[in-house]
1. Using only the alpha-carbon atoms, what does the stretch 52-152 span along each of its principal axes? Please give whole angstrom values in decreasing order.
2. Counting only Cα atoms, I'd like the Rg/Rh figure for the stretch 301-433, Kirkwood definition for Rh.
3. Based on DSSP, what percent of beta bridges with both residues in the chain are antiparallel, to the nearest 5?
4. Which three semi-axes in whole Å describe the equivalent ellipsoid of the stretch 472-603, each the square root of 5 times a Cα gyration tensor eigenvalue, listed largest first?
5. Ignoring everything except DSSP H segments at least 4 long, calculate the 222 nm mean residue ellipticity for the chain; use -39,500 (n - 2.57) per segment, divide by total residues, nearest 500.
6. How much length would be gained if the chain were fully extended between residue 214 and residue 355, taking 0.36 nm per residue of separation minus their Cα-Cα distance, in nm to one decimal?
7. Return 415, 558, 111 ranked ascending by Cβ neighbour count within 10 Å, so the fewest neighbours appear first.
8. Quick one: if the Förster radius is 25 Å, what FRET efficiency do residue 459 and residue 87 give, using the C-beta to C-beta distance and rounding to 0.05?
């Protein structure tokens, strides 16, 4: 705990901790720079198939490979026939071999038929000059345990090594493995050896980091090393605890610093401090991972499936990931990229910051204005990123017509009843606040929302909302944010709105309604995750936002703070243009939610 205490002390004072000496291991050489690629999760959830994988690989080979992008990864549940969306179905059949190992579902990956696994698809991806990765869940399939399938090369069986009390809180497919049992390491060895035979280059293993599974992380590392194939190891989800920093950087190439990251400003703003706190463990072959880039066509099941980030916020996202050297893993459907999205992924000067810089660290943070700096190798030059993380407008909670206490699993009925006067109101805003805990469990439901008045009774869900923003997924009428039946306190909800905090839903009200009633609570999909799921509910009948329309900041940058003297030439990397030559300092204007990325060169 000494390392963690030191890091926390420094982080609370805005100081970058000194780098921790991570013992160099052979596998660190497999990811000397942060991996760059595509992952299927954001745009397809569990439903990616061979055709979609090939489409994205073909696009990468044609448009992105020359800029350093090289990895194609098939994410979760590729061994579940008929899987789609972001849903997990308990007890569903899994595609397994006779030794309890997951194999691709043939209905989704037809080239895997005849026991060929991912080898044909992997070979094809390699023929495009790219690398191929897959996702695994920690542990052993529950179906393998039910059938007590044998473990390859041993006299042991699946039930001998399964820890039935150690289960993933959000996915029903697997049991944890008791690594003290004979046959446990042999199962992981056989599984990873199979992947090596398929030509897998990258292995993302889920349900490892929160809670932290030391013994299985070490077992997977050992299995990869024994396989004879250089497979980059990525662990998820987060947040990974800082107190495990030395361990994880000694056993994996990248690890998540947060839970799933999606395209909303609040989530992006939270990543600044997380990435700063992990500075001590950032180094060649071991990279703190801020998660995927939810850009472009990131929601294939949503007709308005484009990223919710503004273009200004997308520059901020890419600049932060670049200067912090986070892995760059694109989450949208690449073939649908527009010219702007493509320009983000093909700016070689920005990519160069991510792939070829040293001593990356937060220079200072003054409120919501943040500066990061890095060294340019073999040069006196510096990279400088300046961010204006100020919120243009913020919620004025004093304007709320109703506010709740925190609702959690222990709240009676996991909900609260709301009944407020809306006489004369022309607008209604429903806000669910999940806080800034970085957890994914804040699924909420506005159950049975109704308007009443002299004209009688109307379901709010019969109206079309003006706008809806949410932390994850898509706000839905009469469905959860995952597209499932709405359930509150184990009971079906006759009608309502499913969303994910933090979320704001705006309605224009018809005339002559005087009261609004609703039960606001935790939707079942969040409750069963067993983490997060603490939400406050607010109802507004006037615009909840206050603040300025223009929060552009003029940011003074002192060259002395960067160790630079004399005349400094400043180049804007996003605009690929020279800003000018300056003495002592320069003062760039940075728009709200915006960023700038520069190269500073002493003359």
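Computed from the coordinates by the stated procedures, all read-outs in this text should not be read as laboratory data. Please read all numbers here as calculations on a predicted model, not as lab measurements. Here the Cβ is made from the backbone with ideal geometry for all residues, glycine too, and neighbour counts use every protein chain on show.
1. Dimensions of the stretch 52-152 along the principal axes of its Cα atoms: 47, 29, 23 Å.
2. Details: Rg = 21.6 Å, Rh = 19.3 Å.
Rg divided by Rh gives 1.12.
3. Working: 92 of 117 bridges.
About 80 percent, rounded to the nearest 5.
4. Values: eigenvalues 512, 78, 32 Å².
In descending order, the three semi-axes are 51, 20, 13 Å.
5. On the way: 14 runs with 122 residues, N = 603.
So the helix-based figure for the chain works out to -5500 deg cm²/dmol.
6. Values: separation 141, 0.36 × 141 = 50.76 nm, distance 2.92 nm.
This chain segment gains 47.8 nm when fully extended.
7. Numbers: 415 22, 558 12, 111 18.
With the fewest neighbours first, 415, 558, 111 line up as 558, 111, 415.
8. Working: r = 26 Å, r/R0 = 1.03.
Rounded to the nearest 0.05, the efficiency is 0.45.
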